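Here's the structure, in structure tokens; my notes come after.
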Amino acid sequence: MNNMFCFQCEQTAHGKGCTVQGVCGKKADTANLQDELTSSLIELANCAENNAENTELLINGLFTTITNVNFDNESIKELTERVRKNISCNSSFDINTVWNCDEDIRSLKSLILFGLKGMAAYAYHARVLGYINKQIDDFFYEALQSLSKNLTADEFLSLVLKTGEINLKCMELLDKANTETYGNPIPTKVSTNIEKGPFIIVTGHDLKDLEQLLEQTKDKGINIYTHGEMLPCHAYPELKKYSHLKGNFGTAWQNQQKEFDNVPGAILFTTNCIMPVKDSYKDRVFTTSVVEYPEMVHIDENKDFTPVINKALELGGYKEDKKMTGINGGDILTVGFAHNTVLSVADKVIESVKSGALKHIFLVGGCDGARPGRNYYTEFVKKTPKDTLVLTLACGKYRFNDMDLGEINGIPRLLDMGQCNDAYSAIKVASELAKAFNCSVNELPLSLVLSWYEQKAVCILLTLLYLGIENIRLGPTLPAFVSPNVLNILVEKFKIKPITTPDRDLKEILS
Ligand code: SF4
Ligand code: SF4
């Protein structure tokens with residue numbers, strides 16, 4: 001008998017669904033409480049006024065149910081109660097009706113729901129910086145309402161693509177929020193080494209949390225290190241101006257249990273991806289925003305980071321400078337190649353393509369994860385010919401971002417565009433290049449080789465499909481929630497394909 005059902009991420013059990021306990025560590029009771037929260041959010045969308053308070057509940061609720069965000073039953077129950085209080089008419093919906101319906105409809109509804117969860121995370125980060133867009137907010141209601149309706153497969157398919165369309169607007173809004181608040185990212189070299197003395201590691205995605213922590217620690221003799229998806233923060237002028245923002249700690253999220261083992265510093269999780277916390281560092285983990293984990297100290301919306309600061313001072317850090325490296329042994333990571341920087345050298349790129357010095361551009365990006373098949377991406381990048389560029393973003397880049405791939409006409413061959421939401425930068429660059437070459441994005445010498453793990457990757461994929469981008473290679477496995485019929489549509493309409501081997505895929509792309 002199933003105790004739970006969840007198949008929203010790439011590591012789902014047996015490629016089908018987690019039914020006893022999540023591979024991510026989520027227990028059945030937590031999964032079921034998240035389902036109750038999701039059901040209540042759909043009821044709220046159906047039966048409440050579209051206003052700021054309810055929109056925030058929808059966004060926070062969806063974000064809370066993303067993989068590796070919230071493992072804390074009490075906070076999920078409390079949020080569900082707040083949602084229920086605002087439901088103003090008789091409405092009853094159970095998300096299990098989606099999990100148990102016809103597999104194609106389930107697949108299409110899942111694409112909408114999981115895409116919406118990812119988009120909620122991006123909307124959340126834009127919102128904390130004061131950036132709100134009515135069309136985006138309204139779509140949360142429309143899309144959630146659709147999950148309780150009996151629409152046709154075609155109607156759901158068009159909503160799937162609309163999710164991608166609205167997510168593009170949402171990523172654009174977040175880009176505007178980040179760059180207007182913190183400046184346009186500029187190329188910056190980041191060390192992976194840790195200096196002696198007290199330090200705090202900040203992980204997740206939230207720039208404002210990092211800024212507030214930097215302010216609160218600037219005269220405390222504490223160094224700050226980014227981790228995971230926070231790495232691109234080093235490139236923002238208004239964040240890099242803090243001299244105690246020293247470098248980046250460790251590699252991608254799935255290595256945290258090993259890398260945080262007995263670490264003599266405090267760790268602040270601003271968003272996903274938190275993994276079950278081990279005894280050897282549980283006294284130094286702090287959460288904030290929608291992230292919560294049982295027994296860990298949660299920093300509330302007042303953002304007083306004193307407990308994190310005191311813990312860092314108490315632990316004292318390493319006694320001597322500590323050398324750490326990326327997974328290929330490199331200790332310098334270069335970030336800051338968002339659209340503004342890349343487009344400032346667009347002339348050089350165009351000239352290099354025309355002269356034949358640059359033959360192809362790869363976008364190798366997306367999530368990292370624990371599956372062994374993910375070394376495909378390291379091998380793929382290692383094998384890209386010297387006359388090609390590699391654009392990258394999100395945490396999958398930790399598979400290769402410590403390698404020096406050299407340059408083409410002064411342009412580094414490996415260009416880190418930022419976090420997963422900065423897929424917007426890649427889209428902007430691709431569409432500007434297409435304009436310059438007077439062709440469509442699909443006609444550019446550009447190939448997308450993507451990795452996915454959780455729901456933010458789903459909304460980005462839907463945006464790429466909405467834009468009509470073809471021939472995307474996706475791995476390490478295809479989503480369990482995509483039914484064979486829906487997969488056929490994606491293959492026929494968008495020529496989406498699974499990754500095979502680096503050699504085979506490279507040969508096929510370059511031929
Ligand atoms: S989030 Fe992923 S690993 Fe966790 S329960 Fe759901 S499918 Fe399983
Ligand atoms: S890229 Fe994906 S897996 Fe990695 S931290 Fe961002 S959302 Fe999570």
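What follows is calculated from the coordinates using simple rules that are stated; it is not laboratory data. Quick caveat: nothing in here was measured; it's all calculated off a predicted structure. Cβ: placed from backbone, ideal geometry, glycine included. Neighbour counts: every protein chain shown.
Numbers at a glance
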{"read-out": "Ordering of 494-500, 211-217, 228-234 by packing [mean C-beta count within 10 Å, highest first]", "value": "228-234, 211-217, 494-500"}
{"read-out": "Inter-label distance, nm, simple model (7 Å from Cα along the C-beta direction), ASP404/ILE132", "value": "5.0"}
{"read-out": "Dimensionless Rg ratio for segment 132-244, taking C-alpha atoms and the 2.2 N^0.38 Å reference", "value": "1.48"}
{"read-out": "Convex hull per residue volume in Å³, alpha carbons only, for segment 46-128", "value": "115"}
{"read-out": "Trypsin sites (Lys or Arg not before Pro) restricted to DSSP loop in segment 226-268 with at most 14 other C-beta within 10 Å", "value": "LYS241"}
{"read-out": "The chain - Debye-derived log10 I(q)/I(0), Cα point model, q = 0.07, 0.10, 0.12, 0.14 Å⁻¹", "value": "-0.35, -0.75, -1.11, -1.52"}
{"read-out": "23 Å Cα-Cα threshold exceeded, pairs from LYS240/LYS435; LYS189/LYS258; LYS117/LYS208; LYS208/LYS246; LYS189/LYS218", "value": "LYS240/LYS435; LYS189/LYS258"}
{"read-out": "Debye, to nearest 20: dipole size of segment 336-510, +1 on Lys, Arg Cβ, -1 on Asp, Glu Cβ", "value": "280"}
{"read-out": "Reference-scaled alpha-carbon Rg (2.2 N^0.38 Å with N residues) for segment 336-510", "value": "0.97"}
{"read-out": "Kirkwood hydrodynamic radius of segment 41-85, Cα pairs, Å", "value": "10.9"}
{"read-out": "In Å, descending, principal axis extents of the Cα set of segment 1-155", "value": "41, 36, 28"}
{"read-out": "Ranked list, fewest to most other Cβ atoms within 10 Å of each Cβ, for MET275, MET417", "value": "MET275, MET417"}
{"read-out": "Loop-located trypsin sites (Lys or Arg not before Pro) in segment 375-483 whose Cβ has at most 13 other Cβ within 10 Å (DSSP)", "value": "LYS386"}
{"read-out": "Segment 188-315, dipole about Cα centre (Lys/Arg Cβ +1, Asp/Glu Cβ -1), debye to the nearest 20", "value": "520"}
{"read-out": "Under 17 Å from the ILE350 label point (7 Å along Cα→beta-carbon), backbone N, segment 443-481", "value": "443-446"}
{"read-out": "Partners for LYS169 among aspartates and glutamates (Cα-Cα distance below 14 Å; same-chain residues under 8 apart left out)", "value": "ASP137, ASP138, ASP422"}
{"read-out": "Reciprocal mean inverse distance between Cα atoms of segment 257-331 - Kirkwood radius, Å", "value": "13.6"}
{"read-out": "Low-density loop positions, chymotrypsin sites (Phe, Trp or Tyr not before Pro), segment 93-188 - DSSP coil, at most 12 other Cβ in 10 Å", "value": "none"}
{"read-out": "Largest-first principal axis extents, alpha carbons of segment 191-259, Å", "value": "31, 24, 18"}
